[in-house]
1. Roughly speaking, what is the stretch gain from His174 to Ile193, that is 0.36 nm per residue apart minus the C-alpha to C-alpha distance, in nm to one decimal?
2. Using 0.36 nm per residue, how much length does the chain from Glu125 to Ala33 gain when fully extended, once their Cα-Cα distance is taken away?
3. Return the FRET efficiency for the residue pair Glu143, Asp55: r is the Cβ-Cβ distance, R0 is 35 Å, and the value is rounded to the nearest 0.05.
4. Straight-line reach from Lys98: which lysines have a Cα under 26 Å away, not including same-chain ones fewer than 8 places off?
5. Quick one: which of 116-122, 142-148, 106-112, 66-72 comes out on top by average Cβ neighbours within 10 Å, and what's the full order, highest first?
6. Once you put a point 7 Å from the Cα of Ser118 and another 7 Å from the Cα of Asn40, both along the Cβ direction, what distance in nm separates them?
7. By its C-alpha gyration tensor, with a ≥ b ≥ c as the square roots of the eigenvalues, how is the stretch 132-177 shaped: rounded for a/c under 1.5, else prolate for a/b larger than b/c, else oblate?
8. Starting from the Cα-Cα distance between Glu161 and Arg85, subtract it from 0.36 nm times their residue separation and give me the gain in nm to one decimal.
Amino acid sequence: MKRIIAVGIMLMSVLLTLSLHGAFAQNEISEEAAIAESNNYVTQGYSLQGQEAIDLYDKAIQIYPQNFYAYYNKGTTLIQLERYREAVEALNMALSIKPDDSDALVNKAVALIGAARSGQYTNAEAAYQKAIQACDMAIQLSESNLRAWNNRGQAEWSLGELTQDTSILLKAYHDFRHVYDIGSGSYGADAGIQADEVYRRMLELGWQPPNNENPYGFREEASGVLG
C-alpha cells in the first residue's frame, strides 16, 4: 500500500515484484520469505502514523533493502511530520529503485518545498529548482498529473518570491491556471485562487501584461468566482 501526499492520502493495493540483486546471497532467509516479511511490515506501517509507522518501514528496509514502498511510505510519513530533509532522503532512495514513479517524484517536490520554506535547507533557491525538476519529470511521465502541475506552481511561486523574478511567477501563474482549467471541486478552485494571488503579486512587482492588457482574461473571469 502506498501513501500519497498533497492531494490526500488514498489507499492503493500494490504487488511488489522487486529483484533482490544478491542482498541475501549469504543469508539463511530466502528471498521470497524476506520480501514477504518486509511487505508485512509495510502493511502494518500503513495502518499507523508518525514514528510508529516509520519504525516499521525501517524494519522493512532492513529485511529487504530494495523495498520501494517502504522508502516511499517512510518519505511521505516524514513529510506529514514536517521532517522534510529526511523525507527527501527516503524518497531519493525510493526513486533509485523506481525512478519513473510519478507519485514519488511529486512527493519529493513537496518535501523539497517544505524543507526550503521551513529553513531546513539553507539553499532554498536550489531546493525550489530541484522541486521544479522533479515535477517536470512527473509531467513528462503523465501530462494529466495535476499534482505535479500544482506543486511545480508552488515551487515556482516560492522561487519567484525569493528572487523577485516575475518571469518565474508567470510560470507559476500558468501552472495554477492549468490546474484551475482542468481540475474539479475544491482542488481546482484552490488553484484558481492561487493563480489570482500570483497575478496580483506580479503586478505589485511592476510586471505589465503585453500592451498593458490582460491577455489571459483570468482576473476578470475569476472575480465573480473567487471574490
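Any read-out appearing in this document is the output of simple, stated calculations on the displayed coordinates, not a laboratory observation. Computed from a predicted model, the values in this text were never measured in an experiment. So basically every Cβ, Gly included, is an ideal-geometry build from the backbone, and we count neighbours across all protein chains shown.
1. Between His174 and Ile193, full extension yields an extra 5.6 nm.
2. The Glu125-Ala33 span can extend by a further 28.7 nm.
3. Plugging the Cβ-Cβ distance into 1/(1 + (r/R0)^6) gives 0.40.
4. Those lysines meeting the cut-off are Lys2, Lys59, Lys74, Lys108, Lys130.
5. Put in order of decreasing packing, that is 106-112, 66-72, 142-148, 116-122.
6. Result for the modelled spin labels: 3.3 nm.
7. Cα axes put the stretch 132-177 in the prolate bin.
8. Working it through step by step, the gained length comes to 25.2 nm.
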